[in-house]
Amino acid sequence: MGVLLDSRHTALALGPVAQDHLLQARQMQALSFTAHIPLVCFGIAFPVMVLLMEWWGQRTGDPLCRTIARRWSRVMIALFAIGAITGTVLSFEMGVLWPNFTATFGGVFGLGFAIEGFSFFLEAIFLGIYVYGWDRLSPRMHLLSGIPIAVTGFLGSWMVISVNAWMNHPSGFRLVAGRVVDVHPWKALFGNDFLWHELIHMYVAAYLVTGFVMAGAYAVARLRGRWTRYERTAIVVPLMIAALAAPTQILIGDWAARTVHKAQPTKLAAIEGLAKTTDGAPLHVLGWYDDGKIRDGLRIPKLLSTLASHDPSARVQGLDAVPPGDRPPVNVVRVAFQTMVGIGTLLAALGVLTLLVRVRRRRLPTRRAYYAAVAAAGPLSVVALVAGWVTTEVGRQPWVVYGVMRTSDAVTGAGVIPISYAVLWALYLSVGAGTMWILRRLARVPVEDPRYRGRPAPDVIA
């Protein structure tokens, strides 16, 4: 891992603490992450969709596309503001809940968070220019002013993913007598072999989630009988992007699984519930891990070895390779992974169907059942997203920095966590209610430009 480990010491800057609320601290972090990560997806992908719609309006001269982009930009800035709240909470939790982690390794990953903070403020500046510049800038300059929003959204999230990849595969420092020395932040964050599959997997997921959530909103309108040219035009960009992303994600998931097999074999063993190291390991679909076995699952011989190494006879390390205290909670990881894969497979099938009909018939499917599936794909994609991150983060346990620092050694010794947990739930319930209220208000704003009514849609979006 590029880290010099001394088995007699644990990486600790502040010393171990007695903590009776480790589980609640982890749940608080998980709650904040669950609230924030869908907003990260919109921060990555939504600006690109808005710019594509505005660009298409300028290219075709269709005022409807500009109207849609302008309405979407209001949603974009509202979600950015909500994301600022949840992101700030996450930032505070890093230091408050896990002081040993930040004190010990802040010099390693601090550069990533510094760049992320710079990107956030730059994104806020250009969001203001873009949203308030619709009638103040020329069409060309207005479109150009939106490009930094997409770039900074990409850059900021890239830095956070780099930190997470480092936590899963630490490098760029040496550990001597329990102290971190010889730190190389650039190598730790950007020379990490674990980064690239995490980065690409997350970015494709961002376009998949944002696309299906947006398309799902217009699919609901279709199911309710509201299917004007506005809805028919607005659904195309997010739906086609999601349709391309969904099957692509399966290929990237295969890459990620092979990387995990090499770098975190215990996580892969937990994903499958593989109790013993096995040559030609099978894979079980569904089922429950109990007493070293998968019960009530569909067994597919040698499939795990095939997926992990592209070799049906390859050896796959089991849970028995590490002490019980170094194993993650198997059923949590396993259920989360199977949820992600199951939903992802259904979304990929929906994406392929969409692309086939679009290419062969130059239109979208027309059946009501198809739009019901698109409407369901929105919330299901969010469930798959969260399940994927549960697989990543819980599968790393009991390590906060894999193989170097345990989560129990990183946690705070403060005794107010139960109170903070209750306050956090109240905060997120309030934020969630406020978000729904804002989005409903924005959806009810009348369409500004009526010139699109009755005008035939261009063939490319028909």
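The values are calculated or read from the model by the stated rules, or taken from the named source; none is laboratory data. Everything numeric here is computed off the predicted structure, so don't read it as measured data. Note that each Cβ is placed from the backbone with ideal geometry, even for glycine, and that neighbours are counted across all protein chains shown. Heavy atoms of the whole protein, side chains included, go into the accessibility calculation; ligands, DNA and RNA do not. Shrake-Rupley method; radii C 1.70, N 1.55, O 1.52, S 1.80 Å.
List of remarks:
- Here is the figure for region 39-77: residues that are buried (at least 19 other Cβ atoms within 10 Å of the Cβ) and part of a loop (DSSP other than H, G, I, E, B) total 1.
- The set of residues from region 293-333 being free of Cβ contacts under 8 Å to residues at least 12 places away in the same chain and in a loop (DSSP other than H, G, I, E, B) comprises 296, 311, 323.
- Total residues in region 162-180, condition open to solvent by 10 Å² or more (accessible area, probe 1.4 Å), part of a helix (DSSP H, G or I) and out of contact with any strand residue (DSSP E or B) (no Cβ under 8 Å at 6 or more places or on another chain): 1
- Region 410-462, subset at pLDDT below 70 and among the β-branched types (Val, Ile, Thr), residue nearest to residue 236 (Cα to Cα): 461
- Filtered by the rule that a residue be within 22 Å of residue 342 (Cα to Cα) and either open to solvent by 10 Å² or more (accessible area, probe 1.4 Å) or not in a helix (DSSP H, G or I) (or both), region 219-244 gives 240, 241, 244.
- Taking every residue in region 143-159 that is within 18 Å of residue 113 (Cα to Cα) and pairing it with any residue that is open to solvent by 30 Å² or more (accessible area, probe 1.4 Å) and acidic (Asp, Glu), at least 6 positions away or on another chain, the pairs with Cβ-Cβ distances below 6 Å are 156/116; 159/116.
- On the stretch given as region 40-68, residues that are within 30 Å of residue 89 (Cα to Cα) and either of a type in the set (A, V, I, L, M) or in contact with a Lys or Arg (Cβ under 9 Å, 6 or more places away or on another chain) (or both) total 7.
- Identity of the residue in region 274-284, of a type in the set (Gly, Ala, Ser) and surrounded by fewer than 24 Cβ atoms within 10 Å (Cβ to Cβ), that ends up nearest to the chain's Cα centre (by Cα): 275
- Pair list, Cβ < 7 Å and 6+ apart or interchain, from region 181-209 residues that are surrounded by fewer than 19 Cβ atoms within 10 Å (Cβ to Cβ) and assigned to a helix (DSSP H, G or I) to residues that are modelled with pLDDT under 90 and of a type in the set (S, T, N, Q): 187/171
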